[in-house]
Amino acid sequence: DASGGAGLAADLKTFSEYSTYGMVALTTIATMDPDNDWKHNVTTLPISVVEEQLKTILAGDTKIAAMKTGMLGSVEIVELAAKTISAYQFPKVVIDPVLACKGEGELLNPETAQAIQKYLLPIADVATPNLLEAGIFSGLGKLTTIEDMKKAAEKIFNLGTKHVVVKGGKSLEGDKAIDIYYDGEKHYILEAEKIQSAYNHGAGCTFAAAITAGLATGLSEKEAIFKAKDFVTAAIEHGFRFNKFVGPVFHGAYRLKDSETI
């Protein structure tokens with residue numbers, strides 16, 4: 001995300017806040033046109049460039065503790081991600097199955113959804129689809145209630161994903177920002193007061209990155225997910241205006257929330 005609010009920019013900021021060392025393999029560049037109502041343009045990098053980045057990342061002497069995916073712009077890149085995860089045997093795998101940019105209704109590359117469902121969701125320790133994505137992967141279509149979210153989480157779990165978080169955020173009616181976590185046995189409702197601002201750009205990426213960093217530091221999936229909810233809620237609460245179109249979350253808010261510096 002060229003504006004710095006989402007994607008790998010959000011991931012690296014979050015990893016740093018968790019005192020972890022982050023590395024990124026860039027797959028897709030998202031740019032926005034301020035002269036055309038912030039219309040998104042998405043450019044997918046050649047797969048050879050992605051492969052070269054992964055080779056660099058995996059050459060470290062220290063075993064990588066956890067990894068996540070983000071926006072994957074082609075079927076070939078999805079397949080490469082799955083192959084790499086299988087070969088490296090990452091201890092923890094978080095799949096954030098990004099299918100569209102925030103504020104854009106059109107899927108980035110519709111055929112990638114099927115590839116993500118086939119190759120990545122079955123090997124995920126945690127998957128973090130939003131309402132749109134969960135509706136697609138579950139086959140339930142538009143999700144409008146907590147019960148819809150629970151059913152979608154169950155169906156995604158049945159694809160092989162060990163832990164599922166359906167991100168609802170502010171999209172449901174009511175005064176709560178609600179996410180549903182399902183571990184195969186129980187549904188957990190993660191809720192916070194809705195924050196009445198438009199400054200939530202990068203919230204989904206940040207949530208998934210916080211789960212990843214929590215797992216890397218030794219938290220269980222449940223612990224990592226609950227902490228990530230608190231982390232992203234603080235980040236949204238202290239989000240700020242970038243321009244008239246968008247405002248990103250503030251990644252330092254959780255660390256600084258008890259101080260007088262924010």
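The table for this structure:
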item: Förster radius 25 Å - calculated FRET efficiency between Ala198 and Glu147, Cβ distance, rounded to 0.05; result: 0.35
item: Spherically averaged projected area of the chain from its Cα convex hull (nm²); result: 13.4
item: Amide H partners (placed H, <5 Å) of Lys39, local residues excluded; result: Asp33
item: Beta bridge orientation in the chain: antiparallel %, DSSP, nearest 5; result: 65
item: Cα-derived Rg over Rh, computed across region 118-262 with Rh taken as Kirkwood radius; result: 0.97
item: Aspartates and glutamates with Cα under 13 Å of Lys92, excluding same-chain neighbours fewer than 8 positions away; result: Asp125, Glu221
item: Cut-off 20 Å, label 7 Å out along Cα→Cβ of Asp175, residues of region 227-262 by amide N; result: 233-234, 236-238
item: Heavy-atom accessible surface of region 25-133: percent carbon and sulfur, 1.4 Å; result: 52
item: Region 180-262 - Kirkwood radius from inverse mean 1/r over Cα pairs (Å); result: 13.5
item: From phi via Karplus (6.51, -1.76, 1.60), per-residue ³J(HN,Hα) for region 193-206 in Hz, x at Gly/Pro; result: 4, 5, 9, 7, 8, 8, 8, 10, 4, x, 4, x, 4, 5
item: Radius of gyration and maximum dimension Dmax of region 5-104, Cα, Å; result: 14.4, 46
item: Span from the region 171-203 Cα centroid across to the region 39-83 one, whole angstrom; result: 28
item: In order through region 141-151: 3J(HN,Hα) via Karplus (6.51 cos²θ - 1.76 cosθ + 1.60), integer Hz, x for Gly, Pro; result: x, 5, 9, 10, 9, 4, 5, 4, 5, 4, 5
item: Arg255-Val24 FRET efficiency (beta carbon distance; Förster radius 25 Å; 0.05 resolution); result: 0.70
item: Built amide H within the under 5 Å cut-off of His201, gap 5+; result: Gly247, Val249
item: Dipole in debye (nearest 20) - the chain, about Cα centre, beta carbon charges: Lys, Arg +1; Asp, Glu -1; result: 300
item: Note, ³J(HN,Hα) from phi for region 39-53, Karplus 6.51, -1.76, 1.60, rounded to Hz, x at Gly and Pro; result: 4, 8, 10, 10, 10, 8, 6, x, 4, 5, 5, 5, 4, 5, 5
item: Mean separation of Cα contacts under 8 Å (6+ apart) over length of region 103-238, as relative contact order %; result: 17
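The values are calculated or read from the model by the stated rules, or taken from the named source; none is laboratory data. Because the structure is a prediction, the values reported are computed rather than measured. So basically every Cβ, Gly included, is an ideal-geometry build from the backbone, and we count neighbours across all protein chains shown. Surface areas here come from the heavy atoms of the whole protein model, side chains and all, with no ligands, DNA or RNA. Shrake-Rupley method; radii C 1.70, N 1.55, O 1.52, S 1.80 Å.
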